[in-house]
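A short write-up of the structure that comes next.
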């Protein structure tokens, strides 16, 4: 039986009188790809912010490999093995492609400010290791981020390749769990197909467990072992893609039928 890597147990969060997440139970097993769907305002990105320590839940617990991560700072959670991308790209556009990936690994170095200033042998060794790590992570993405692109500024990349670069940067922290926030957003059909294949490759060849937020149902259908549907911060369905896509509560949440019927 696969290890339960991530567990949310009765997690709730409110801002003032607004309940954003309510008594949420969710789990992701080692090696799974789990998709989170729901209409705008369903609490999906808030869920990622809770897992990564940007928000702390009012109630409930969040565990990684059986250990609570509630109360830890985002950088501490990253060190535990969780990395994420964002719905709105957050690259260092004036840094090169390779430098963007290297930045993610610097948080794991042991060289402090004085060793860095003095350029000690240990610090130089760590820099070489980080450079090699960046090479390896970028090589995973093939020609899209290889060769001459390494020394190009990130702003010169196409939108789809910027998305790939953000994922590459996330993998440079050597995570056990990848959180992908709408990786196919803004892509054309060809790019969407390619990102779907990439997410599958991240699991099969990269060995990552993945929790993904996605609106494109073709992507969700193509990658998901399980699907969790949220509405107003509450889980309304969970199961296979077909089970969730045909769930009446999910259909009503997306189409607003429940609201229309109550008027």
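With the condition kept exactly as written, say whether any residue in the stretch 142-149 is in a helix (DSSP H, G or I), modelled with pLDDT under 85 and more than 22 Å from the chain's Cα centre (by Cα).
The answer is yes, given that some residue of the stretch 142-149 is in a helix (DSSP H, G or I), modelled with pLDDT under 85 and more than 22 Å from the chain's Cα centre (by Cα).
Name the residues in the stretch 178-216 that are in contact with a strand residue (DSSP E or B) (Cβ under 8 Å, 6 or more places away or on another chain), closer than 13 Å to residue 35 by Cα and not in a loop (DSSP other than H, G, I, E, B), would you?
If the condition is that a residue be in contact with a strand residue (DSSP E or B) (Cβ under 8 Å, 6 or more places away or on another chain), closer than 13 Å to residue 35 by Cα and not in a loop (DSSP other than H, G, I, E, B), then 178, 179, 180, 181, 199, 200, 209, 210, 211, 212, 213 are the ones that fit.
What number of residues within the stretch 23-59 are more than 17 Å from the chain's Cα centre (by Cα) and either assigned by TED's automatic domain parsing to the domain that holds residue 183 or surrounded by fewer than 18 Cβ atoms within 10 Å (Cβ to Cβ) (or both)?
Adding up the residues that qualify gives 8.
The values are calculated or read from the model by the stated rules, or taken from the named source; none is laboratory data. Here the structure is a predicted model, which means the values were calculated and not measured. Cβ sites come from the backbone with ideal geometry, for glycine too, and all protein chains shown count toward neighbours.
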